[in-house]
Every structure is written in C-alpha cells, then in structure tokens.
Amino acid sequence: MSWHRGVLGDGSRIDWPRVLLLALTVTMLVALGTVAATSSSSFGLYNPSWDGTSDLRGAAEDDPTVESHLLRDTAEYEELPANDTVAFVISPDEPYEGEDAERIQEFVANGGTLVVLENFGEPGNSLLANLETEARVDGQLLRDERHHFRGPTMPVATNVENYTFTSGVDQLTLNYGTTVNPGNATVLVSTSDFAYLGPEEDNLDEQDELRSYPVATVENISSGQVVVIGDPSITINTMYGQPDNAAFVRGLYADANHVVFDRSHGAAVPPLMGALLTIRDSPVFQLLVGTIGIGLVMILSQVRVRSALETFQSHLPARFRSAESRAHGLDGPGLSDSERAEYLRRHHPDWDEEQIQRVTTALNTPRSEGKNNE
C-alpha cells in the first residue's frame, strides 16, 4: 500500500495528495473571497472589524420600512427623491468641491436631510461651509471626568432634547468626539455639566471650563435639513450598540423611505461588492449576467444528461447492447422505457421525474431517428 493512499471500508482508496490539494484550493478561494468582499478602512460599510460600520449598514438593510443605498458618486443624488431621503456623510476623507458640493446643496435645497458626522477632520466642516450652515464641529477633544463609558475621552452625553429625531433616546455614548458649535441651530443632544475640552494628555485643572457642550444639532437649510454630529464613532461596530447610539441613528431616518450612505469621498468599497453594486444598478449588466447564467445552466444540464447516459450504458448487460449502440454510447432495444426509468430512479434517487423522463427520451432518440430514415 502506498503511503499516500488510504483504504475505505468498501475497498476504495483515498488519494490524500488530491484531498490536501482540494482543501488548500478551497481555503485559498475562501480567503480571496473574504478579501474581495470586505474592507479594512475606518468607517467602511463592509468592514466587520471594530472600526467599521458594517453593523450600521446591516441594520439599515434589514429595516423593512426603508430602502438603503450605498452612494459612490454624488451624481446619484440626482436620482433620489430628496424630500423622502436621509443621507449620511461619515467622516469623509476628501473635501466636497465643485459639482460634488453643488449636487449635495441641490439635494438639501430640494428637501433632503443630510447627516454629517465629523470630529477632527476638515472635509466635514468644509462641506458644512458649502451648505452655509450655522453649525460647525469644534475639533477639540471632548472629555468628561464624571459621566463617561470607559474613560474621560468616552463621555456619555446625558442631556437629550425632546425632538422627533431623539424619540426613545436617553443618552449618547461617545468615543473621541468633539463639540458642535451650534450658532442658531437647534441642539438635539448635549453632554453633562461636567464636560470640558482639552488634549488627552492634559489633566483637569481649575482653568478648564466645566459645562454642557452640544454634540448633535439640526437646522433647516432651504427646504431640507442638516444634522451635525460631533462624533462619527457612534456608527462604528464597537460603539453602535452602546446606549443609545443605534436608537439615535435609526431615529434620524425613521420617517424616510430611503437612507443613503455617501462613500463618494471615502475609501473605495471592496471589489466584489463594487461589482455586485454595479450589476444591481445597471439593467444592461443584469441582462448580460442573466443571459450568461442561463447559458451555463443549459450547458451543465447537457453535460449531466450525457454523463447519465454514459453511466446508464456502462451498467447495461452486454446482450442489450448492439455494436452500433456501443459505438454511440446508447443502449439497444432490449429494455423498455419503464425499465430504463426504474434503473435511473435506483441509481439517481436525487433526480426528479422530469430529469428521468428527459434521459429516457434521449435514449429513445436514435431508434426514432432510425425508423424515420427507413
């Protein structure tokens, strides 16, 4: 017995090199599929790690009351019903300029609700300036020595105003956030009276001003609304489930029929998901993929029937096979249709009656053609 082959109970042998090769191939395919379908970028909607927002995306997709969209180009704003849509811009990597800024301005002007989550980056404030909002994020680290989650840099904002967006919300749990300077905007959520601003390495001293700081605001801009939140981290996987972050985010789009996650100025989506989104958004690609799929099914079906014919013929007794039938891989006239069907049922219990009938008909074809030729 060769070292690389085992013997099963029925006497057949296991080809271990092939088994190991198959296992390695499957492992590599799974790894490549995972890389192609997931992201490692911060705030990435397909990033399942602690700093991703896959939980947020999943919650929106599972909500039967809204239709969720991933927006990769600001031109897609023009296709949305603005007055029935809430769009989220989460810590953008690049500023919105030119046509991109104009499209968002038009979206808000037509009645859309835009939610901007930013803490220390400039692109968020730049977008707010283009929209001519009163609110701006401060950019200094917000801390609270008394009301916090795991430390002063994770303050719990305990002052929640009675507003449509805050229904069912008693607090927000922040993580390296900042305050929102509201101007004339309406404050939705504020910290406790023991919060202050300052670098992480500084200790609280008498010079620090302890007071309540706004962390979320809303204001009307033309026919739409702009919500500003001073901590995009409330949307990441490790913080989304903390009280009451998920309830607050859901409340922002509770009265809308469409929720949009704008990643046009953030990290690109994974290639596999990008391809699926392209197919979903393009009727032409859908038709092409459907046609290819139907073709593959037809080819595989033909291969399966041919294989069944060959298997069936190989098990027939020699007396039932003529020289012509052996040459063409078909049986002779020795078996009836019912006998052929019974044979197929025994050897292919997973087949339905339609498949059995198709194979039986194919076995009859040579005789039928022969009679017609005579």
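Table for the structure above
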| quantity | calculated |
| --- | --- |
| Identity of the residue in segment 44-59, surrounded by fewer than 21 Cβ atoms within 10 Å (Cβ to Cβ), in a helix (DSSP H, G or I) and touching a helix residue (DSSP H, G or I) at 6+ places or on another chain (Cβ under 9 Å), that ends up modelled with the lowest pLDDT | 54 |
| Among the candidates 160, 156, 189, 180, residue that is aliphatic (A, V, I, L, M) and within 16 Å of residue 240 (Cα to Cα) | 156 |
| Number of positions in segment 102-111 that are surrounded by fewer than 16 Cβ atoms within 10 Å (Cβ to Cβ) and within 29 Å of residue 240 (Cα to Cα) | 1 |
| Residue 108 being β-branched (Val, Ile, Thr), under 24 Å from residue 238 (Cβ atoms) and at pLDDT 95 or above | no |
| Test: residue in segment 82-101 that is free of Cβ contacts under 8 Å to residues at least 40 places away in the same chain, buried (at least 22 other Cβ atoms within 10 Å of the Cβ) and not hydroxyl-bearing (Ser, Thr, Tyr) | no |
| Filter result (hydroxyl-bearing (Ser, Thr, Tyr) and more than 25 Å from residue 183 (Cβ to Cβ)) within segment 226-248 | 238, 240 |
| Residue check for residue 150: closer than 18 Å to residue 226 by Cβ and within 33 Å of the chain's Cα centre (by Cα) | no |
| Filter result (out of contact with any Pro (no Cβ under 7 Å at 6 or more places or on another chain) and of a type in the set (A, V, I, L, M)) within segment 170-200 | 172, 185, 188, 189, 197 |
| Residue ranges of helices (runs of 4 or more DSSP H) in segment 219-284 with at least 2 members at pLDDT below 95 and farther than 20 Å from residue 58 by Cβ | 271-281 |
| Condition check for residue 248: among the aromatic types (Phe, Trp, Tyr), over 22 Å from residue 136 (Cβ atoms), in contact (Cβ under 8 Å) with a residue 24 or more places away in the chain and in the same structural domain as residue 174 (by TED's automatic domain parsing) | no |
| Index of the failed condition, residue 68 passing every other in (1) within 19 Å of residue 250 (Cβ to Cβ); (2) surrounded by fewer than 17 Cβ atoms within 10 Å (Cβ to Cβ) | (2) |
| Near pairs, Cβ below 9 angstrom, 6+ apart or cross-chain, from segment 125-142 (touching a residue at least 12 places away in the same chain (Cβ under 8 Å)) to any residue that is of a type in the set (Lys, Arg) | 125/136; 128/136 |
| Residue list for segment 172-190, restricted to those being polar (S, T, N, Q) and in contact with a helix residue (DSSP H, G or I) (Cβ under 9 Å, 6 or more places away or on another chain) | 173, 175 |
| Flag for residue 234 being in contact with a helix residue (DSSP H, G or I) (Cβ under 7 Å, 6 or more places away or on another chain), crowded, with 24+ Cβ neighbours inside 10 Å and touching a residue at least 40 places away in the same chain (Cβ under 8 Å) | yes |
| Check on residue 168, more than 35 Å from the chain's Cα centre (by Cα), in contact (Cβ under 8 Å) with a residue 12 or more places away in the chain and at positive phi | no |
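Quick grid of which residues meet (1) assigned by TED's automatic domain parsing to the domain that holds residue 242; (2) surrounded by 17 or more Cβ atoms within 10 Å (Cβ to Cβ); (3) among the aliphatic types (A, V, I, L, M):
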residue	(1), (2), (3)
113	yes, yes, no
117	yes, yes, yes
121	yes, no, no
124	yes, yes, no
135	yes, yes, yes
150	yes, no, no
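The values are calculated or read from the model by the stated rules, or taken from the named source; none is laboratory data. Quantities reported herein were computed from a predicted structural model and do not represent experimental measurements. Glycine gets a Cβ as well: all are built from the backbone with ideal geometry, and neighbour counts include every protein chain shown.
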